[in-house]
1. Looking at segment 344-363, is at least one residue under 20 Å from Thr9 (Cα atoms) and within 22 Å of the chain's Cα centre (by Cα)?
2. Note down all Cβ pairs under 7 Å where the first residue falls in segment 1-26 and is over 19 Å from Leu67 (Cα atoms), the second is more than 16 Å from ligand 1 (Cβ to nearest atom) and of a type in the set (Lys, Arg), and they're at least six residues apart or on different chains.
3. Within segment 308-336, count every residue that is over 28 Å from Asp12 (Cα atoms) and either within 16 Å of ligand 1 (Cβ to nearest atom) or acidic (Asp, Glu) (or both).
4. Being touching an Asp or Glu at 6+ places or on another chain (Cβ under 7 Å), open to solvent by less than 10 Å² (accessible area, probe 1.4 Å) and either at pLDDT below 95 or within 16 Å of ligand 2 (Cβ to nearest atom) (or both) is the requirement here; does Thr153 meet it?
5. Residues in segment 161-187 that are more than 18 Å from Phe225 (Cα to Cα) and among the polar types (S, T, N, Q): how many?
6. For segment 171-200, name all the residues that are surrounded by fewer than 20 Cβ atoms within 10 Å (Cβ to Cβ) and near ligand 1 (Cβ under 7 Å from one of its atoms).
7. Among the residues of segment 109-122, which ones are in a helix (DSSP H, G or I) and hydrophobic (A, V, I, L, M, F, W, C)?
8. Which one of the conditions (1) crowded, with 17+ Cβ neighbours inside 10 Å; (2) without any contact (Cβ under 8 Å) to a residue 60 or more places away in the chain; (3) more than 19 Å from His152 (Cβ to Cβ) does Ile288 fail to meet, given that it meets all the rest?
Amino acid sequence: MSIFLALETSCDETSASIVSSDTDGISILSNVVSSQIALHAPHGGVIPNLAAREHTKNINIVIKQALHEANISSSEIDVLAVTNAPGLIPALLVGTTTAKTLSWLWKKPLLGIHHLEGHIYANFITTEEYNLLKKDTREIFPLLALIVSGGHTQLVLMKGHFQYEIIGETQDDAVGEAFDKTARLLGLGYPGGPEVSRCAQKAKEKTSPLINISLPRPMIHKPNFNFSFSGLKTAVLTLVKRYRQEHNLADTDTLDTPFINAVCAEFEQAAVDVLISKTLRALETYEIRTVVLAGGVSANTHLQKSLALAIREKFPSIHFSLPPTHCITDNAAMIGAAAAMRWELMNDKEKFLTHDTWKHLETRANALLSEKK
Ligand code: KG4
Ligand code: ZN
């Protein structure tokens, strides 16, 4: 059995987790997440230097808490892991500098993990439901990952562990970003995803009068696997402007709840329609055994259910996986899971060399998943 201490500070969550891996798979012993949502909410988005300041304040406390909750002492840690790309540089540096220092001080191996790799490998954390994913790799690959987060929207083809081919991606905004911007236009809180989703649900419950709203499904008919979400956000802006004019509302006046709910429902449906359509197109094109959903927007239950249904109907032999609920938005357990899987696949020499990672690990804002070896 190996025990991992993983750190994640790429955006606005300071997180430390203790993960163990053995022949039964990858388990979480603790996963402490200190969220900065309240700090950034008034700005409607994450301010990098504010995030870094909070990470610096909290990182050691979060590590201590993770060790305490797992009932593990620092001497029992076998391997350290940290998100080193992509993300906000001032934020990432807090995690990487801490991890490098601990690696040097404790003389432990260190693995740098790509943030999106973490989101994908959250699907490999063992719970009964996800058992299939720890079985023989011949049964799970080729695998298609639909990555939907605040910074990324990608379809990634994996023919084996840690082999990534980006077959499609957003040409502009990420889907999570579109959720956040739509929420902002409607006067809802940050992060926007959960808020938009909650309001969309209200519209579906039909407690308020029905309002007909129609938004575009950008690039849905384009014969590729790419996405575009900025047009959808602009369409929401146009709708809101027109509604304000028609109802004599000033820019600072709050919008009516039935209107907000109706826009949210249509926006969510438009985003889900495009994501599903492009995923199905990829499944028609490639031989795929498993589809995994990854990234913060995977928390959207409408997306989860609709994608599961679409795959079951059209490709009943494909296994569809979601990350465990508590590992969907940014957290360090997913970084530990990716590290554990990498460690398992390394030979002794490669493992030995990771004792020196602290000397050369780079912190990068924009590294592509497919650049990672
Ligand atoms: O993966 P994540 O935690 O951070 C990034 O790597 O970006 O994703 C955060 C994104 C935010 O844009 C947030 O609004 C979105 O995930 N999100 C959701 C939901 N929960 C979080 N979007 C739609 N529905 C949700 N329930
Ligand atoms: Zn993320």
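The values are calculated or read from the model by the stated rules, or taken from the named source; none is laboratory data. Just so it is clear, the model here is predicted, and its values are computed rather than measured. Note that each Cβ is placed from the backbone with ideal geometry, even for glycine, and that neighbours are counted across all protein chains shown. For accessibility, only protein heavy atoms count, side chains too; no ligands or nucleic acids. Shrake-Rupley method; radii C 1.70, N 1.55, O 1.52, S 1.80 Å.
1. The answer is yes; a qualifying residue exists.
2. Matching pairs, first to second residue: Gly25/Lys134.
3. Residues flagged as over 28 Å from Asp12 (Cα atoms) and either within 16 Å of ligand 1 (Cβ to nearest atom) or acidic (Asp, Glu) (or both) within segment 308-336 amount to 2.
4. In short, yes.
5. Residues meeting the conditions: 2.
6. Pro194, the sole residue that qualifies.
7. Matches in segment 109-122: Leu116, Ile120, Ala122.
8. For Ile288, the failing item is (2).
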